[in-house]
1. Please go through the stretch 160-187 and pick out each residue that is under 24 Å from the mean Cα position of the chain (by Cα), at pLDDT 90 or above and among the hydrophobic types (A, V, I, L, M, F, W, C).
2. Within the stretch 283-315, how many residues are under 13 Å from G204 (Cα atoms) and either part of a strand (DSSP E or B) or polar (S, T, N, Q) (or both)?
3. Scan (1) open to solvent by 30 Å² or more (accessible area, probe 1.4 Å); (2) not in a loop (DSSP other than H, G, I, E, B) for the single condition Y318 breaks and write down its number.
4. List the pairs whose first member sits in the stretch 141-170 and is farther than 19 Å from D105 by Cβ, whose second member is among the polar types (S, T, N, Q) and part of a helix (DSSP H, G or I), and whose Cβ atoms are under 8 Å apart, counting only residues at least 6 apart or on separate chains?
5. Kindly provide the set of residues from the stretch 18-38 that are among the β-branched types (V, I, T) and under 26 Å from L231 (Cβ atoms), ordered by number.
6. Taking into account only those residues within the stretch 129-166 that are in contact with a strand residue (DSSP E or B) (Cβ under 9 Å, 6 or more places away or on another chain) and charged (D, E, K, R), which is farthest from G102 (Cα to Cα)?
7. Please pick out the residue among Y32, Y42, Y25 that is surrounded by fewer than 20 Cβ atoms within 10 Å (Cβ to Cβ) and in contact with a Gly (Cβ under 6 Å, 6 or more places away or on another chain).
8. Taking interchain pairs and intrachain pairs at least six residues apart, which have beta carbon atoms under 7 angstrom, with the first residue in the stretch 77-99 and closer than 18 Å to D332 by Cβ and open to solvent by less than 50 Å² (accessible area, probe 1.4 Å) and the second acidic (D, E) and modelled with pLDDT under 95?
Amino acid sequence: MLRLEDNVFNARQGRGAPLLKLWRYAGLMLTYRCNAACRFCYYHCAPSSGGLMPVETAIAAWAALRRIAGDSAKVHLTGGEPFLVFDRLLDICVAAQRQGLGGVDYVETNAGWVSDEAEARRRIRALDEAGLERLKISCDIFHAAFVPVEKVRFLVLIAREILGAERVLVRWEKNLADSPPAAESSRDAAHIAAMKAEAGRFTGRAADELAPLCADTPAAALAGLNCRGALLGAKGVHIDPYGNVFCGQCSGMAVGNLNAAALDNLWTRFDPEKEDFWKTLFAEGPAGFLSEARAVGYPERPFYASKCHLCTDIRGFYFDKSRYLPIITPDDCYGRQRHNQL
């Protein structure tokens with residue numbers, strides 16, 4: 001297990017200064033492919049998305065997390081929709097058991113893959129035997145536009161029968177009895193209410209499709225809202241199928257890639273005061289990019305929904321210009337291919 005002072009940023013800080021926390025969880029994103037294309041998606045997952053995490057990448061990340069956080073390390077498997085690549089999902093769980101890494105804390109699913117009772121039972125039992133601790137099933141107004149609630153109810157019933165009620169989580173269970181609104185105007189109002197109630201983040205597709213409906217704050221009012229706390233206080237990371245490591249819940253900006261360095265090495269070397277991109281976010285927040293972005297043609301919006309919306313919008317502009325590579329990446333977080341050069 002690493003010590004806080006093993007990180008280069010932490011080693012410079014005086015007594016009582018905020019430090020970079022040890023990463024204690026990792027969400028391994030097995031694929032960006034998903035049967036849904038939810039408006040609230042923090043990425044841009046869709047049926048046409050791709051990526052498939054190699055077993056070796058998953059196990060290396062898992063082992064490195066144990067080196068960082070010891071026995072408190074927790075790994076969950078997610079996507080996209082990980083059940084669309086079930087064989088890879090199961091292979092990773094089995095390999096982790098063989099390597100003595102323990103069972104996966106939880107696997108996330110939206111239940112959209114469920115079509116056959118016998119196959120659903122086989123998959124849940126196989127994961128149980130491979131060390132699954134918990135199954136987390138999404139049930140919200142956004143997924144309901146793509147996944148019939150009957151499928152969710154069916155999977156919840158089967159999973160609780162096999163795993164026990166305490167090992168099956170439903171996000172959010174109150175929605176099991178609901179149906180999505182049909183009218184466009186009603187849908188927008190319901191989606192806005194859900195984002196506020198569930199403290200949704202305006203990144204990925206949510207920044208493109210939902211944030212404009214909620215935008216009421218000019219960029220000037222977001223000045224000074226830095227990301228110091230978010231960067232230092234993140235309890236873990238998400239790792240995408242290509243090895244990109246995202247700090248905490250911040251999608252589309254990588255602190256490094258596992259194909260170049262092990263996760264524990266990335267933690268020890270992460271220094272948000274040294275590299276220009278992270279230095280700006282750390283000290284000034286997304287508004288700190290505005291002067292530079294305006295100078296190269298950024299089309300500033302009159303209003304934003306949050307500093308995360310501003311951040312994602314500017315990063316989308318930079319993504320199109322291939323600026324701040326390889327931090328601003330990959331295509332799957334921005335819903336488009338790169339074009340042009342700044």
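1. Once the filter is applied, which keeps residues that are under 24 Å from the mean Cα position of the chain (by Cα), at pLDDT 90 or above and among the hydrophobic types (A, V, I, L, M, F, W, C), the stretch 160-187 yields V168, L169, V170.
2. Keep residues of the stretch 283-315 that are under 13 Å from G204 (Cα atoms), which gives 308-315.
Narrowing further to those that are either part of a strand (DSSP E or B) or polar (S, T, N, Q) (or both): 312.
Qualifying residue count for the region: 1.
3. Here Y318 clears every test but (1).
4. I141/N175; A144/N175; V149/N175
5. We begin by selecting, within the stretch 18-38, every residue among the β-branched types (V, I, T); these are 31.
Of everything in the stretch 18-38, nothing turns out to be among the β-branched types (V, I, T) and under 26 Å from L231 (Cβ atoms).
6. Going through the qualifying residues, I end up with D140.
7. Y25
8. Cβ pairs passing all conditions: none.
The values are calculated or read from the model by the stated rules, or taken from the named source; none is laboratory data. Here the structure is a predicted model, which means the values were calculated and not measured. Counting neighbours? That spans all protein chains shown, and the Cβs are built from the backbone with ideal geometry, glycine included. Calculation scope for accessible area: heavy atoms of the full protein, side chains included, ligands and nucleic acids excluded. Shrake-Rupley method; radii C 1.70, N 1.55, O 1.52, S 1.80 Å.
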